[in-house]
Amino acid sequence: MAKIEKFEDIIAWQKALELCDLIYAKTNKELFSKDFGLKDQIRRASVSVVSNIAEGFERESNNQFIYFLLIAKASAGELRSQIYIAKNQNYITKEEFEELNNKVIEVGKTIGGFVSYLKMQRKQAQLSKLS
């Protein structure tokens with residue numbers, strides 16, 4: 001894998017930004033937008049995913065990056081839970097729920113795969129130091 005120069009090059013960040021944009025679009029709908037608590041919480045969770053990927057990258061430490069990626073992945077889980085609430089309150093349709101849920105799952109898997117890759121890289125670096 002080529003060296004990532006900036007967080008904008010990270011596929012997980014790109015997908016998380018798309019998800020965040022989608023969340024903002026869905027929460028602008030009239031009924032949803034009136035539930036200030038859920039609207040704000042779901043937006044904060046989606047922003048947290050994007051932001052933690054970027055913040056972790058800027059820490060310039062593999063361990064710190066992994067830590068922040070795991071926080072981003074956890075925020076994606078929080079977001080999934082919140083879209084269930086939005087569906088149950090009829091703020092989003094079943095089709096919108098499926099779209100959002102699939103996107104959140106994709107983002108979570110992408111982050112998880114990236115974490116696994118970084119952990120493998122870390123382990124290989126540690127092994128090469130021993131030899």
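Here, each number is a calculation from the coordinates, and none is a lab measurement. These numbers come from a predicted model, not from an experiment. Neighbour counts run over all protein chains shown; Cβ positions are idealised from the backbone, glycine included.
Listed values, structure above:
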item	result
E98 in contact (Cβ under 8 Å) with a residue 40 or more places away in the chain and surrounded by 13 or more Cβ atoms within 10 Å (Cβ to Cβ)	no
Sole residue being part of a helix (DSSP H, G or I) and touching a Leu at 6+ places or on another chain (Cβ under 6 Å), chosen from K103, K123	K103
